[in-house]
Amino acid sequence: MIGVGVNERKKYIQNTDQRVSTIQQLYADVPKIEVKAYTDLTVDFAHREHTTYFIKGVRTIKDFEYEREQADINRLLGGMETLLLVAEPQFASISSSLVRELIHFGRDVSEFLPQKR
C-alpha cells in the first residue's frame with residue numbers, strides 16, 4: 001500500500017487524483033501495490049488499511065530528526081513501527097521544493113523523478 005497524504009498546508013504541482021495516478025502508473029506492473037489518497041493522520045489511514053508499519057525515506061539529518069519524531073508519535077498513538085531508509089548520496093539534495101522551483105523556471109527535471117519500472 002502506498003498512501004498519498006493530502007496536506008492542505010503544502011503546495012502541490014499535481015492535484016490528488018493526478019498524484020495517485022502517477023504513482024499507479026509507476027507500479028502498474030506490480031499487482032500487489034495499491035495506491036490510495038488520505039486526508040487524515042497517517043496513523044489513522046494505516047489502521048484503516050490494516051497496515052502495521054511505515055517505510056519512509058530520509059535525505060538529511062534534518063529529515064531524520066523530523067521522521068524520528070513522527071515515528072515516536074505514531075508508535076504512541078497507534079503502535080505503528082517506522083523503518084527509515086537513507087537516500088543514496090546522489091539523491092540526498094533532491095527535494096520536492098527544488099523540483100517545483102526548477103519546473104517553475106522551465107527546467108527539465110526528468111532525472112530527478114522516478115521512471116516507470
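The values are calculated or read from the model by the stated rules, or taken from the named source; none is laboratory data. The structure presented is a predicted model; accordingly, all values stated were derived computationally and were not measured. Note: ideal-geometry Cβ built from the backbone for every residue, glycine included; neighbour counts use all protein chains shown. SASA here: full protein model, heavy atoms, side chains in, ligands and nucleic acids out. Shrake-Rupley method; radii C 1.70, N 1.55, O 1.52, S 1.80 Å.
Below are the figures for this structure:
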item: Dipole-positive endmost among 7, 96, 70 within the chain (Cβ charges, Cα centre); result: 96
item: Gain in span if fully extended, residue 32 to residue 104, counting 0.36 nm per residue against the direct Cα distance; result: 22.4 nm
item: Apportionment of accessible area to carbon and sulfur, the chain, percent (1.4 Å); result: 54
item: C-alpha center-to-center spacing [the range 1-80, the range 86-117] in angstrom; result: 19
item: Counting all C-alpha pairs of the range 64-117, share separated by more than 13 Å (%); result: 70
item: Solvent-free Debye scattering, log10 I(q)/I(0), computed from the Cα coordinates of the range 1-47 at q = 0.28, 0.33 Å⁻¹; result: -1.07, -1.21
item: Å³ per residue enclosed by the Cα convex hull of the chain; result: 125
item: Relative contact order computed over the chain (Cα-Cα under 8 Å; 6+ residues apart), in percent; result: 25
